[in-house]
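Data first, discussion second: the structure below is written as structure tokens.
The values are calculated or read from the model by the stated rules, or taken from the named source; none is laboratory data. Since we're looking at a predicted model, the values are computed, not measured. Note that we place each Cβ from the backbone using ideal geometry, even for glycine, and neighbour counts take in every protein chain shown. Only protein heavy atoms, including side chains, enter the accessible area calculation; ligands, DNA and RNA are left aside. Shrake-Rupley method; radii C 1.70, N 1.55, O 1.52, S 1.80 Å.
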Amino acid sequence: MSIKATILVAMDQNRAIGRNNQLLCDLPQDLKAFKEMTINQVVIMGRKTQESLHNGYLDKRHNIVITSHENLGDDRLIITHSPIQALLRANVIVQNSNNIATGIFVIGGQQIYQEFIKQDLVDKIIITQILHKFEQCDAFFPQLELDNWHLANKPVKITDGDYKTERHVYAKIEA
């Protein structure tokens with residue numbers, strides 16, 4: 001498969017990404033950057049992530065949900081049953097969008113991230129590293145085999161809301 005996805009994730013220093021199906025904290029600048037990156041693009045997520053969204057849907061984006069369910073009760077959602085099926089559908093959207101949609105972003109959660117990395121379906125990972133350790137988290141980002149990735153940017157520390165963060169962009173090293 002030629003076109004791969006980009007993972008977008010915010011995680012703490014223990015790789016935690018969520019607690020009780022919610023984000024760890026409010027990062028207004030990161031959410032603004034997320035919206036700017038994903039507007040008019042394709043976002044792929046698992047059902048739990050979709051359920052955690054304010055309206056169960058991200059406006060002005062093509063929402064693909066990977067789930068075992070046949071219907072989630074919202075015809076704005078594109079239902080798929082595997083990461084490969086989701087990526088194939090995303091590729092069709094990109095090819096038919098007249099260059100409006102050019103990006104495919106995987107936005108969570110834990111199981112979806114694991115599967116996309118394990119099946120080698122991503123070529124870029126954009127991590128907002130929260131320089132904090134949160135308690136009682138129940139969702140984590142998988143450990144990366146850093147031999148397969150290189151840091152493609154110089155991380156810049158910023159204060160976002162009540163937390164200090166760094167943005168790390170990892171690009172896949174192709175054999």
Exercise. Report, by residue number, each residue of segment 73-96 that is open to solvent by 20 Å² or more (accessible area, probe 1.4 Å) and of a type in the set (S, T, N, Q).
Key: Ser82, Gln85, Gln95, Asn96
Quiz item: Quick one: which of Ile93, Ile125, Ile78 is within 28 Å of Lys164 (Cα to Cα) and either hydrophobic (A, V, I, L, M, F, W, C) or at pLDDT below 95 (or both)?
Solution: Ile125
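Condition check ((1) over 20 Å from Ile126 (Cβ atoms); (2) within 16 Å of the chain's Cα centre (by Cα)) across all residues:
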position: Val9; (1), (2): no, yes
position: Gln41; (1), (2): no, yes
position: Ile44; (1), (2): no, yes
position: Lys48; (1), (2): yes, yes
position: Arg76; (1), (2): yes, no
Self-check item: Residue count for segment 41-72, restricted to those that are more than 20 Å from Asn21 (Cα to Cα), without any contact (Cβ under 8 Å) to a residue 24 or more places away in the chain and surrounded by 13 or more Cβ atoms within 10 Å (Cβ to Cβ)
Solution: 1
Quiz prompt | segment 130-149, residues that are open to solvent by less than 90 Å² (accessible area, probe 1.4 Å), at pLDDT below 95 and over 18 Å from the mean Cα position of the chain (by Cα) | solution = Asn148
Quiz prompt | Condition check for Lys48: under 25 Å from Thr80 (Cβ atoms), touching a Gly at 6+ places or on another chain (Cβ under 6 Å) and outside any loop (DSSP other than H, G, I, E, B) | solution = yes
Quiz item: Restricting attention to segment 13-35, does a residue exist that is assigned to a helix (DSSP H, G or I), without any contact (Cβ under 8 Å) to a residue 24 or more places away in the chain, open to solvent by 40 Å² or more (accessible area, probe 1.4 Å) and not basic (Lys, Arg)?
Solution: yes
